[in-house]
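Following: one structure in structure tokens, then a few remarks.
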Amino acid sequence: MVRHTLAVAVLALCAAAQAQTRDIRIGAGDLKSALDAWSAQSGVQVLYSAVDIDGIKTRGVQGTLSADDALKLLLVNSGLQVKHDGTSAVVIFRSVGVPTAAGAGPADAAGALASVTVTAQKRSQAAQSVPISMTTLTARAIEVNRVQNLQDVSRLTPGLLVSSFSQANPTIAIRGISNTFSQIGVSKPVAVVVDDVFIPRNSAASFELFDLDSINVLKGPQGTLFGRNVTGGAIVITTRPPALDARAAQAQLSLGNMGERLFNGLISTPLSDTAAIKFSTSLRERDGYGHDRLTGQELDDINSRNYRAQLLLKPNSDVQATLSADYSEDWNGGRTLSSNTLGNDGDPRTAELGIRQGYQRYVSGMSAKLNWKLAAGDITAISAYRSSRASEDYSGVGAHYSLLITGSQSITGDADDIDTWSHELRYTSPKWAFGDFVTGIYYMSEEGSRQLATRGLTAKTGVLASATLADQRVETTSYAAFADGVLHLPAALDLTAGVRYTRDEKTASLARTDQLRPTASFASDGNRASWSEFTPRVVLSWQPQSNLMFYTSATRGFTAGGFNGDASTAAIFRNSFDPEKVTNLEAGVKSQWLNNRLRLNASVYKMKYTDKQEFVNNTLTGILSIINAGRATVKGGELELAYKPANWLELSGGYSRVNGVYDRFAVGTINYTGNPLSSAPRKQYSAAANFTVPLGDIGFLSGAANYAWRDTYNTGAANDPNLQIPSYGLTNMSASYESPDRGWKVTAWVKNANDTRYILTRSTQVVRAEYNGEPRTFGITLGAKF
């Protein structure tokens, strides 16, 4: 498969060595009509805001030209700029400070909400024309709201929950769809995708966010187009590409309380008319907000180093290749799991663990993406390699053994090693009058290993009560073919339909060593299982006017089956569990009003789980197992609002309501039927505001504030009040001054401004304990553009 993908890329580059030209004939007149004609003749989708092009005229263009040259001639003296989104679309936009054709100033030109381009359906589209529920954060929204990680994303996204059990095991849930499995032989139901590359393990998916173009959170099953396991949704992250037509150098330095030190920087420069390169980095350090009062060790500190390099090659208007490489490492002293029973000193920022904790991770990768535009459509080839090495030492019990009365203190050493190759080859048709489609093939190969060492230290004495080592190894191969298209029907109706066929194969081995009970040790090698699934979707949308669309859809997704690498017997390990499946019925509306100053999107849905995967203690066997426990139903709705009441002010808000219930969940004597679904807060809502006020020759004053609320939710299926996460709300704020030429900017910021105490996870192992989120942090950021 690797040879095939590389061969396609080489042939494409060779065939495209000579630029393609076309006979383009577009008459003088209204720019909107001219752009529509250019799109039809070039086969390239063009996206623009009606406000930006209103009233503009063009001289037209006649002759044998490349598509790019023809577009430049159409836009002469218009004050508009062009941004290429791959080879399948261009975005026409107005730069800040350029007046409109009618003579309006920059503020008037910025009167409408910004148009956003996304690739949620593997082809570039305006976000408001995509008939699925999604939340989009632009580069500006990421910057003004200081979005640094996925937890920050969740505070601005209705229906998204990002929490943490430990440093290496974040919990990511969309609409209550998630799992908390850490075994190497299992899969996660929410996909994280970076520049079209699927990140298979959560331990490699929770990272510092920097130098981004956009973040899109797609909600509900996305199994047709976004690879495997996407039953809950996908977080699609797009980095900022190099520019062929401009040099850029930017730097940001942040200093804050608790020793916060953050540097973000990038350098982007054209190498020629057909090549550009960019380097970016993010370096961060922060002291810990917790400590272990028995050992004195600092906890929950941050040490992060991140580097990315990208090379853009565009030999002509029809071929574009992007080569990327990245490396990151981070480490800290582990989490502050604080007892609120035995040994509790009343301070949630102290731990009573009495052991040395630690976490470190190394993540690297490289990818090559080729877009080749032909008269018959676009070909895209993506090959990527990802590698992650993570290790963590922590206590699963919230108190040192000397403080315990009964039981033992469990101490865990968890290290995984993951290498993944993925390849995708897809074809995107031209946008014909009757519709268009995309189809392709996908291949992924993953080799994973995990060393899980656990020790139990007897209460009071610390005598070794248990000691096991589980050496887990799983090889995964996934094949898929997919197709998805839209058919334009009469009466402004569109029918979108797609299907994906996926075959997953896993080979798993487990060597479990029991140091105190050698007879309980075992090895089980070469266990194989495979699963095949069809995941279709059908969407009917109606657009009675340009800024109003209604849609209804039925989609299906699955999370792959696997093996329980934590099994305590060979029989349990060999007994693989099956995929879980989710069917989603949804209806929604996307609309813009008041000359695109008001955006209102809403959706309601009903999702049905079958064969839901759960990690339970089978009371009949006394063994922890991952099983297909039964059925569940998730019903809910989401609302997103954006409003620009004045040119200098933007307001936004989001609301989600989730009602998830286990319809059937009975194992042994356990019966959780009727319990609320875990990781599913009943209500989430957020509100945000940001403004930019010109101060004439003095510069610009800007500010931002956002508030996010999350209801109480369960972290497990048992509906145990001791494992519930109480509701909480968080407030972030910032204020900035920017120079008149926008060359430099200083920002004062505060996160968790009300210093809310909130819990990320709870533990009931032997004692009750809790792990709390970050306290209030504040600081100053100085940014400069060169």
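The values are calculated or read from the model by the stated rules, or taken from the named source; none is laboratory data. Because the structure is a prediction, the values reported are computed rather than measured. Cβ sites come from the backbone with ideal geometry, for glycine too, and all protein chains shown count toward neighbours. SASA here: full protein model, heavy atoms, side chains in, ligands and nucleic acids out. Shrake-Rupley method; radii C 1.70, N 1.55, O 1.52, S 1.80 Å.
So here's what we get for this one:
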{"item": "Output for region 69-80, where each listed residue is surrounded by fewer than 14 Cβ atoms within 10 Å (Cβ to Cβ) and either under 35 Å from the mean Cα position of the chain (by Cα) or of a type in the set (D, E, K, R) (or both)", "result": "LYS72"}
{"item": "Count of residues meeting criterion [under 21 Å from GLU298 (Cα atoms), open to solvent by 20 Å² or more (accessible area, probe 1.4 Å) and in a strand (DSSP E or B)] in region 315-343", "result": "4"}
{"item": "Count of region 570-591 residues which are more than 15 Å from VAL186 (Cβ to Cβ) and open to solvent by 30 Å² or more (accessible area, probe 1.4 Å)", "result": "7"}
{"item": "Residue count for region 481-519, restricted to those that are surrounded by 13 or more Cβ atoms within 10 Å (Cβ to Cβ), among the hydrophobic types (A, V, I, L, M, F, W, C) and within 30 Å of ALA571 (Cα to Cα)", "result": "3"}
{"item": "Hey, ALA680 of a type in the set (A, V, I, L, M, F, W, C), touching a residue at least 40 places away in the same chain (Cβ under 8 Å), crowded, with 22+ Cβ neighbours inside 10 Å and within 30 Å of LEU594 (Cβ to Cβ) or not", "result": "no"}
{"item": "Odd one out for ALA173, checked against (1) within 27 Å of ASN706 (Cα to Cα); (2) surrounded by fewer than 24 Cβ atoms within 10 Å (Cβ to Cβ); (3) small (Gly, Ala, Ser)", "result": "(2)"}
{"item": "Wholly enclosed strands (runs of 3 or more DSSP E) of region 385-489 bearing at least 3 residues free of Cβ contacts under 8 Å to residues at least 60 places away in the same chain and among the hydroxyl-bearing types (Ser, Thr, Tyr)", "result": "435-458, 464-489"}
{"item": "Residue among ASP711, ASP720, ASP741 that alone is of a type in the set (D, E, K, R), out of contact with any helix residue (DSSP H, G or I) (no Cβ under 6 Å at 6 or more places or on another chain) and modelled with pLDDT of 95 or more", "result": "ASP711"}
{"item": "Answer residue from region 728-752, given it is open to solvent by 50 Å² or more (accessible area, probe 1.4 Å) and part of a loop (DSSP other than H, G, I, E, B) and is nearest to ARG657 (Cα to Cα) among those", "result": "ARG742"}
{"item": "Identity of the residue in region 726-745, in contact (Cβ under 8 Å) with a residue 60 or more places away in the chain and under 23 Å from the mean Cα position of the chain (by Cα), that ends up nearest to TYR685 (Cα to Cα)", "result": "LEU730"}
{"item": "Meets criteria (open to solvent by less than 10 Å² (accessible area, probe 1.4 Å), touching a helix residue (DSSP H, G or I) at 6+ places or on another chain (Cβ under 9 Å) and of a type in the set (Gly, Ala, Ser)) for GLY565", "result": "yes"}
{"item": "Out of LEU294, LEU323, sole residue that is of a type outside the set (Gly, Ala, Ser) and farther than 22 Å from LYS460 by Cβ", "result": "LEU323"}
{"item": "Qualifying position, being more than 30 Å from THR428 (Cβ to Cβ), outside any loop (DSSP other than H, G, I, E, B), open to solvent by 30 Å² or more (accessible area, probe 1.4 Å) and at pLDDT 95 or above, among LEU271, LEU294, LEU283, LEU262", "result": "LEU283"}
{"item": "Candidate set: region 10-68, residues that are within 39 Å of the chain's Cα centre (by Cα) and of a type in the set (Val, Ile, Thr); chosen: the one modelled with the lowest pLDDT", "result": "VAL10"}
{"item": "Selection from region 283-323 of residues that are more than 23 Å from TYR758 (Cα to Cα) and of a type in the set (Lys, Arg)", "result": "ARG284, ARG305, ARG308, LYS314"}
{"item": "Residue count for region 631-672, restricted to those that are open to solvent by 70 Å² or more (accessible area, probe 1.4 Å), over 29 Å from LEU600 (Cβ atoms) and touching a residue at least 24 places away in the same chain (Cβ under 8 Å)", "result": "3"}
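Here is a yes/no grid of residues against (1) in contact with a helix residue (DSSP H, G or I) (Cβ under 6 Å, 6 or more places away or on another chain); (2) assigned to a loop (DSSP other than H, G, I, E, B); (3) open to solvent by 10 Å² or more (accessible area, probe 1.4 Å); (4) over 17 Å from SER422 (Cβ atoms):
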position	(1), (2), (3), (4)
ALA191	no, no, no, no
PHE198	no, no, yes, no
LEU209	no, yes, yes, yes
VAL230	no, yes, no, no
ILE237	no, no, no, no
PRO241	no, yes, yes, yes
GLN250	no, no, yes, yes
